[in-house]
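Provided herewith is a single structure, encoded as structure tokens, for subsequent inquiry.
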Amino acid sequence: MWRQPPRLPRPSEARRTRPTALGWAKIILIVPEDKNLRDPNRLTKPNALVSAARYSEIGFIIPAAVFLGYALGWLLDHWLHTHWLYLAGVIFGAVVGFVQMIRMASALSRDKPDS
């Protein structure tokens with residue numbers, strides 16, 4: 001019975017290597033490209049859970065940025081022995097959160113196919 005030779009990787013496939021526990025040997029992983037990203041004519045409807053996750057991320061970005069600004073300001077207050085840097089951190093976090101929210105919303109509206 002005739003056996004087909006092993007398939008060689010195409011140049012378009014990405015190659016990634018990972019070291020093994022031995023350190024000197026390498027395992028080669030061949031990761032094929034996503035065909036859906038390459039074909040602009042193929043319009044697929046996104047999964048409802050993926051869309052919900054993207055839009056809920058917008059709602060979490062502002063409180064997360066404000067909390068992170070507050071936490072960093074509080075740490076700087078204790079390190080520098082001041083009492084006002086937490087307010088600057090809250091304001092900076094709010095501004096960064098709104099800017100990031102606007103960037104995400106514009107990217108989502110740009111990616112949304114026209115119905």
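The values are calculated or read from the model by the stated rules, or taken from the named source; none is laboratory data. Owing to the predicted nature of the structure, the values given are computational and were not obtained by experimental measurement. For neighbour counting, all protein chains shown are included, and Cβ atoms are generated from backbone atoms with ideal geometry for every residue, glycine included.
Can you tell me which of Leu49, Leu37 is under 18 Å from the mean Cα position of the chain (by Cα), at pLDDT below 60 and surrounded by fewer than 10 Cβ atoms within 10 Å (Cβ to Cβ)?
So the residue among Leu49, Leu37 that is under 18 Å from the mean Cα position of the chain (by Cα), at pLDDT below 60 and surrounded by fewer than 10 Cβ atoms within 10 Å (Cβ to Cβ) is Leu37.
So which residues in region 68-105 are in a loop (DSSP other than H, G, I, E, B) and either under 26 Å from Tyr55 (Cβ atoms) or hydroxyl-bearing (Ser, Thr, Tyr) (or both)?
Selection gives Thr82 alone.
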